[in-house]
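Down below is the structure, laid out as structure tokens.
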Amino acid sequence: MFDLPEPEPGVLGAFDVGRFHVRSGPRPESHLMIAGEDRKAAPAPWLLGVEIAPRAFRLVGWIDGADARVDRYWTGSPAHRLHGRVPHECWAVPARDLRPLSTLP
């Protein structure tokens, strides 16, 4: 489904791990956060990992970038509240809205 280039560490919009963009959170109810500057990131799945121990994460789900970058997930929207506050303007996809890892392309 995705014809992707090799990862480029340190390059804005490049992949984080293999052919994936990966974000992490401290709790199972964490949100997958995609910053505004990531809007030009290469098209690829975005994965959310939840910390289960220091430097150890469990992947909980994924979403396609185009599906994540929609108004309902944009924290800059007055209707959007993330735990009562907005940490910064970004798209914040709740873990419950992510697809199962078994469906990764």
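Here are some notes:
- Close amide H contacts of residue 90 (hydrogens built in the peptide plane, cut-off under 5 Å, sequence separation of 5 or more or a different chain): 75, 76.
- For residue 24, residues with placed amide H under 5 Å, excluding near neighbours: 49
- Built amide H within the under 5 Å cut-off of residue 32, gap 5+: 93, 95
Since every read-out is calculated from the coordinates, none of them should be taken as a lab result. Everything quoted here is computed from the prediction, not taken from an experiment.
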